[in-house]
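Novice: Dropping a structure here in structure tokens format, bear with me for questions.
The numbers here are math on the coordinates, done by the rules we state, and not lab data. Bear in mind the structure is a predicted one, so any value in this text is a computation, not a measurement. Cβ placement follows ideal geometry from the backbone for every residue including glycine, while neighbour counts extend to all protein chains displayed.
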Amino acid sequence: MNHGEQFGISPLGEAALIPWAQAHVRAAFFGRAGGVSRGPFQSLNFASNCGDEPEAVAANWRRLREFLRPCTSVIRLRQVHGTQVLRVGARAPTAALHGELVGDGLVTSEAAVALVVLTADCVPILLYDQECPAIGALHAGWRGALADIAREGVRALVALGARPHRVKAALGPAIGRCCFEIDQELADRFAARIPQALSHVETGRPGKAYLNLKGLLRVQLIAAGLLPQAISDVGPCTRCANDRYFSRRASGAGPTGLQASVIALSS
């Protein structure tokens, strides 16, 4: 865990992981505590298509919007494990406010616009260039990592005026190398496409391997121009800490919710 990481208490009533204690940006990685959902979705679930009660999900979103005040726009996506990163602003279409835009990343340079990505084992990545200023939020699973969504996110920030050597990145709670077992065939695909991947893959049982997804994304962010010291690893393995974070791997074939990672420029 990065030594610069700080912990803050959100108005949701539980601890949120706060990657940067700076006046110009508000960013947080939420876990599963602090909401009203019940059962396997307890309690701060933001997924509306997993079987949770719609009223509970809506109440959780209201709590998040309260935390993000005075942001006038809270923008999310219908995530598809791709690499499309969308530029948005306060005048984003209504679809952006209801998760009907399709993609896996958001960037903006406008204040009072909050960007949200949802995860349950995939890596949430928050990006920030204070001098521009510009922010981004990415949803990175293994498919996104294989296609280099990190590079696409940095490119989208650069299009807003950011400079890679100024960008800070925080990789939030996600499945760790300890629990991310994949087929050896997939590990070979990573190695063939990304030479540095070999140092982030461990041999497992026959036909299997373990992938350090965060480590690989860190390599890709550095390749995109970020300074190593500007990249923070925030939070535990979601499967190991599934009492505090939603995890698809931990739930097996059972239902699970999604937690939120958020970032906004201060007004």
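Novice: For residue 73, enumerate residues with amide H under 5 Å from its amide H, sequence gap 5+ or separate chain, H modeled in the peptide plane.
Specialist: 114
Novice: Can you work out ³J(HN,Hα) from phi for every residue in region 91-103, in order, using Karplus 6.51 cos²θ - 1.76 cosθ + 1.60 and θ = phi - 60°, giving whole Hz and x for Gly and Pro?
Specialist: Each residue of region 91-103 in turn: 9, 4, x, 3, 4, 5, 7, 10, x, 9, 6, 9, x Hz.
Novice: In addition: Tell me whether region 106-261 comes out rounded, prolate or oblate; compute the Cα gyration tensor, take square roots of the eigenvalues as a ≥ b ≥ c, and use a/c under 1.5 as the rounded threshold.
Specialist: Oblate, because a/c is 1.5 or more while a/b does not exceed b/c.
Novice: Okay, helix-only estimate at 222 nm for the chain: each DSSP H run of n ≥ 4 adds -39500 (n - 2.57), divide by all residues, round to 500 deg cm²/dmol; what do you get?
Specialist: Helix-only estimate at 222 nm: -6000 deg cm²/dmol.
Novice: Continuing with the same structure: What list of ³J(HN,Hα) couplings, whole Hz, do you get for region 160-169 from phi and the Karplus terms 6.51, -1.76, 1.60, once you set θ to phi - 60° and write x for glycine and proline?
Specialist: 8, x, 6, 10, x, 5, 9, 6, 9, 10
Novice: How big is the Kirkwood radius of the chain, worked out from every pair of different alpha carbons and given in Å to one decimal?
Specialist: Computed over Cα pairs of the chain, the Kirkwood hydrodynamic radius comes out at 18.3 Å.
Novice: Going by amide H atoms built from the backbone, whose H comes under 5 Å of the H on residue 208, apart from near neighbours?
Specialist: Correct list: 184.
Novice: Further question on the same structure: Say a paramagnetic label sat at a point 7 Å from the Cα of residue 155, along Cα to Cβ; which residues of region 179-206 have their backbone N under 14 Å from it?
Specialist: Correct set: none at all.
Novice: Looking at the chain, identify the longest residue range that excludes and avoids all trypsin sites (Lys or Arg not before Pro) in DSSP loops having at most 14 other Cβ atoms within 10 Å. Show your work: numbers first, answer last.
Specialist: Details: sites that count: 38, 91.
Counting only loop sites that pass the neighbour cut-off, the longest clear stretch is 92-267.
Novice: Please give me the summed charge of the neighbours of residue 75: other residues whose Cβ is under 14 Å from its Cβ, Lys and Arg +1, Asp and Glu -1.
Specialist: Every neighbour counted, the sum reads +2.
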